[in-house]
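Okay, so here's the structure we're looking at.
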Amino acid sequence: MTTTVEPNLTSLDFWARPQDERDALFAELRATREPVYCPLPDGTGFYALTRHEQVVEASRHPEIFSSQPTAVSLVDPPPGLREYSGSMISLDDPRHARLRRIVSRAFTPRMIERFADDVRALATSIVDDLADRGPCDFVTHVAMPMPLQIICSMMGIPDSEYDGVIEATNAILAVGDPEFVGLDGRDRTTMLRESFSFLHELMAELGRLRRAEPTDDLVTALLHANVDGEALTDVELGRFFALLVVAGNETTRNALSHALALFTANPSQRDLLLSALEERLPGAVEEVVRYATPVTWMRRTLTRDHELSGHIYEANERVILYYVSANRDEEVFHDPNRFDISRSPNPHVGFGAPGPHFCLGAHLARREVTVLLRELFTRFPDIHATAEPVRQRASFINGIRSLPCDSEVIPRTGFYF
């Protein structure tokens with residue numbers, strides 16, 4: 001027997017609802033032992049994997065739960081987008097393993113440490129600007145600059161292209177949000193194609209320059225073969241950069257934005273953090289990622305029939321791994337709807353579940369969030385949101401589009417969002 005959900009999980013109207021309403025539906029879906037099926041308007045559909053154990057098992061078996069043809073769309077991408085969107089996040093082994101082996105050079109402890117001073121200096125600069133600016137939009141002036149500037153620095157992107165990278169990234173992340181899409185007459189596919197094309201062309205030009213004149217930046221390392229003879233092609237470099245600026249930006253930017261909203265809404269947790277900032281900051285970062293779950297879901301497609309939680313899923317059927325639900329699973333997390341920075345253990349799947357597609361940049365994202373929150377709360381312990389966040393109207397990303405903030409004395413009532 002199957003539980004059919006319509007139209008909730010496929011509707012942007014559902015994802016625009018308050019979080020307590022979304023949490024309530026996912027709690028109902030976790031409680032049912034029947035498979036949860038969600039039809040799509042085009043006549044296809046998918047099964048929703050909502051429990052922590054389901055998401056973990058599917059993630060550990062990519063030979064059964066395939067990332068191809070896409071991991072990031074409920075429907076298969078149109079042919080015009082596949083050449084741009086076919087990054088390693090939507091590939092299986094052996095192609096995925098080869099690409100991950102090459103690009104992992106960007107995220108070794110040695111490489112992360114190499115940029116540690118840049119992260120600290122940028123955090124200091126951002127907070128310096130905040131001190132001069134006063135009340136402002138936290139997303140625009142604090143959360144957004146950190147990940148994108150670090151990524152552009154790592155890749156050697158010139159400062160003159162920074163605004164274009166921001167615009168393209170926002171367009172890709174905001175597909176479906178009427179504030180960003182459709183106002184100028186362009187449809188979803190056109191906007192995505194143009195945004196991906198800009199990022200690919202930018203990286204192609206940089207690649208040409210680095211092939212002719214190598215430097216010590218990451219693009220040079222990725223383009224020039226190492227001792228194993230492995231390097232990225234121009235197309236693979238463009239796809240990796242698009243993935244990096246979108247995925248790398250999204251997790252850190254939204255984790256930081258949610259952090260300010262959460263600590264404003266939960267003043268007792270703010271007090272707990274400030275009582276022992278260095279000791280509690282690592283746990284606070286993990287709890288922010290669990291509670292916010294910046295990446296809401298990923299898609300997988302069955303390569304063969306497989307039994308999961310007592311149900312036989314058939315070859316070619318689609319399943320969606322709902323991280324946002326797994327991170328609220330009552331069987332894994334005590335009082336899961338409570339924001340608790342002392343939560344331990346905290347086996348969240350905010351960076352994906354264990355498996356070959358676990359977020360390659362998780363360590364860098366943790367470093368960026370930690371450094372910026374440390375700088376913020378050390379210099380402005382009373383920084384707070386002055387209104388509820390304006391959320392992005394999207395299902396794939398739990399994004400915050402704007403969040404007014406002030407660093408004056410914080411109100412002690414908090415608010416719920």
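Looking at the range 186-223 only, could you name the residues that are open to solvent by 70 Å² or more (accessible area, probe 1.4 Å), modelled with pLDDT under 85 and over 22 Å from the mean Cα position of the chain (by Cα)?
Passing the criteria: R186, D187, D216.
Tally up the residues in the range 300-321 that are touching a residue at least 24 places away in the same chain (Cβ under 8 Å) and assigned to a loop (DSSP other than H, G, I, E, B), please.
Matching residues across the range 300-321 total 5.
Which numbered condition in (1) out of contact with any helix residue (DSSP H, G or I) (no Cβ under 6 Å at 6 or more places or on another chain); (2) closer than 23 Å to Y37 by Cα is the only one that A362 fails?
Result: A362 passes all but (2).
From the set of residues in the range 74-97 that are open to solvent by 50 Å² or more (accessible area, probe 1.4 Å), under 23 Å from A168 (Cβ atoms) and in a helix (DSSP H, G or I), which is modelled with the lowest pLDDT?
Filtering first and then ranking leaves E83.
For the range 304-332, how many residues meet the condition of being open to solvent by 40 Å² or more (accessible area, probe 1.4 Å) and among the hydroxyl-bearing types (S, T, Y)?
1
Of all residues in the range 18-39, how many are part of a loop (DSSP other than H, G, I, E, B) and either over 24 Å from the mean Cα position of the chain (by Cα) or surrounded by 15 or more Cβ atoms within 10 Å (Cβ to Cβ) (or both)?
Total meeting the criteria: 4.
Quick check on the range 281-293. Is at least one of its residues open to solvent by 30 Å² or more (accessible area, probe 1.4 Å) and farther than 28 Å from H141 by Cβ?
There is no residue in the range 281-293 that is open to solvent by 30 Å² or more (accessible area, probe 1.4 Å) and farther than 28 Å from H141 by Cβ.
Is it the case that some residue within the range 358-372 is β-branched (V, I, T) and touching a His at 6+ places or on another chain (Cβ under 8 Å)?
No, the range 358-372 contains no residue that is β-branched (V, I, T) and touching a His at 6+ places or on another chain (Cβ under 8 Å).
Can you tell me how many residues within the range 40-58 are touching a residue at least 12 places away in the same chain (Cβ under 8 Å) and either part of a loop (DSSP other than H, G, I, E, B) or aromatic (F, W, Y) (or both)?
Number of matching residues: 8.
Any chance the range 59-68 includes a residue that's at pLDDT 95 or above, in a helix (DSSP H, G or I) and farther than 29 Å from G156 by Cα?
Yes, the conditions are met somewhere in the range 59-68.
For the range 241-261, enumerate the residues that are hydroxyl-bearing (S, T, Y) and either closer than 20 Å to P381 by Cα or open to solvent by 10 Å² or more (accessible area, probe 1.4 Å) (or both).
Matches in the range 241-261: T251, S257.
Just to be sure before I move on: is T264 on the phi < 0 side of the Ramachandran plot, surrounded by 14 or more Cβ atoms within 10 Å (Cβ to Cβ), assigned to a helix (DSSP H, G or I) and in contact with a His (Cβ under 6 Å, 6 or more places away or on another chain) in the structure I sent?
Here the answer is yes, as T264 does meet what is asked.
Would you confirm whether or not the range 343-350 contains a residue that is open to solvent by less than 50 Å² (accessible area, probe 1.4 Å) and at pLDDT below 95?
No, there is no match, as no residue in the range 343-350 is open to solvent by less than 50 Å² (accessible area, probe 1.4 Å) and at pLDDT below 95.
So G361 fits all but one of (1) touching a Gly at 6+ places or on another chain (Cβ under 7 Å); (2) closer than 22 Å to R391 by Cα; (3) buried (at least 16 other Cβ atoms within 10 Å of the Cβ); what number is the exception?
Here G361 meets the rest and fails (2).
Which residue, of D382, D335, is out of contact with any helix residue (DSSP H, G or I) (no Cβ under 6 Å at 6 or more places or on another chain), under 27 Å from V119 (Cβ atoms), free of Cβ contacts under 8 Å to residues at least 40 places away in the same chain and in a loop (DSSP other than H, G, I, E, B)?
Unique residue meeting the criteria: D382.
Restricting attention to the range 98-120, which residues are under 16 Å from L376 (Cα atoms) and either open to solvent by 60 Å² or more (accessible area, probe 1.4 Å) or of a type in the set (D, E, K, R) (or both)?
R120
Scan the range 24-36 and report the pairs whose first residue is within 15 Å of E331 (Cα to Cα) and whose second residue is assigned to a loop (DSSP other than H, G, I, E, B) and hydrophobic (A, V, I, L, M, F, W, C), with Cβ atoms within less than 8 Å and a gap of 6+ or a chain change.
L29/V5
Just to be sure, is A71 within 20 Å of the chain's Cα centre (by Cα) and assigned to a strand (DSSP E or B)?
no
From the set of residues in the range 130-148 that are farther than 14 Å from S257 by Cβ and assigned to a loop (DSSP other than H, G, I, E, B), which is nearest to the chain's Cα centre (by Cα)?
P135
Looking only at residues in the range 138-172 that are open to solvent by 10 Å² or more (accessible area, probe 1.4 Å) and of a type in the set (S, T, N, Q), which one is nearest to T190 (Cα to Cα)?
N170
The values are calculated or read from the model by the stated rules, or taken from the named source; none is laboratory data. Computed from a prediction, not measured in an experiment: that's the story for all the values here. No Cβ is skipped: glycine too gets one built from the backbone with ideal geometry, and neighbour counts run over all protein chains shown. All accessible areas refer to the heavy atoms of the entire protein, side chains included, with ligands and DNA or RNA removed. Shrake-Rupley method; radii C 1.70, N 1.55, O 1.52, S 1.80 Å.
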